[in-house]
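Peer 1: After the structure tokens below, expect a handful of questions from me.
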Amino acid sequence: MKNSKGIGTAFVVNTQQNIAASQGQSLLEALQSAKVEMDSSCGGHGTCGTCRVFINHESSQVPPMNEVEAEFWSERGRKIHERLSCQVEAPFDLEIELIKN
């Protein structure tokens, strides 16, 4: 269901947990606020890749990549549906799987 109030929602497959994000909050910030263990060596600047997630292809609202994330993947290569959680900002409606580094 597409949300229209500028909030983000995500279901984390690994933990069977629903999380919420406010407008402009990153998926990484929402995960950390919900106490979901997620690495981020660079502090959410999109340079380390430790906060990678897989987004289910059937997720209804997936924000496009920003310039920081596009540059990161252009230098490293990317698996289909792989994203940096620190660069995915609400609003979103996702089902994700955490990638353990």
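Peer 1: Would you pick out the residues in the stretch 62-101 that are touching a residue at least 24 places away in the same chain (Cβ under 8 Å) and in a loop (DSSP other than H, G, I, E, B)?
Peer 2: Correct list: Val62, Pro63, Lys79, His81, Val88, Ala90, Pro91, Ile99, Asn101.
Peer 1: If you don't mind, another one. I need the strands (runs of 3 or more DSSP E) fully contained in the stretch 1-61, keeping only those with at least 3 residues that are in contact (Cβ under 8 Å) with a residue 24 or more places away in the chain, closer than 15 Å to Arg83 by Cβ and under 11 Å from the mean Cα position of the chain (by Cα).
Peer 2: Answer list for the stretch 1-61: 8-12, 52-55.
Peer 1: May I pose another question? Could you check the stretch 74-101 and list, in sequence order, the residues that are surrounded by 13 or more Cβ atoms within 10 Å (Cβ to Cβ) and over 22 Å from Asn14 (Cβ atoms)?
Peer 2: Result: Pro91, single match.
Peer 1: Let me ask you something else. Specify the residue that is surrounded by the fewest Cβ atoms within 10 Å (Cβ to Cβ); the eligible residues are those in the stretch 6-29 that are closer than 18 Å to Glu69 by Cα and out of contact with any helix residue (DSSP H, G or I) (no Cβ under 6 Å at 6 or more places or on another chain).
Peer 2: Gly24
Peer 1: Restricting the stretch 36-50 to residues that are of a type in the set (Gly, Ala, Ser) and out of contact with any Gly (no Cβ under 9 Å at 6 or more places or on another chain), which is surrounded by the most Cβ atoms within 10 Å (Cβ to Cβ)?
Peer 2: Gly46
Peer 1: Say whether the condition of being touching a helix residue (DSSP H, G or I) at 6+ places or on another chain (Cβ under 7 Å), within 16 Å of Ile99 (Cβ to Cβ) and of a type in the set (A, V, I, L, M, F, W, C) is met by at least one residue in the stretch 45-61.
Peer 2: Checking the stretch 45-61: at least one residue is touching a helix residue (DSSP H, G or I) at 6+ places or on another chain (Cβ under 7 Å), within 16 Å of Ile99 (Cβ to Cβ) and of a type in the set (A, V, I, L, M, F, W, C).
Peer 1: Then there is this: Out of the residues in the stretch 57-73 that are over 15 Å from Gly8 (Cα atoms) and not hydrophobic (A, V, I, L, M, F, W, C), which is surrounded by the most Cβ atoms within 10 Å (Cβ to Cβ)?
Peer 2: Filtering first and then ranking leaves Glu69.
Laboratory data are not the source of any read-out in this text; all were calculated from the coordinates shown. Values in this document were obtained by computation on a predicted structure and should not be read as measured data. Every residue, glycine among them, receives a Cβ derived from its backbone with ideal geometry; neighbour counts consider all protein chains shown.
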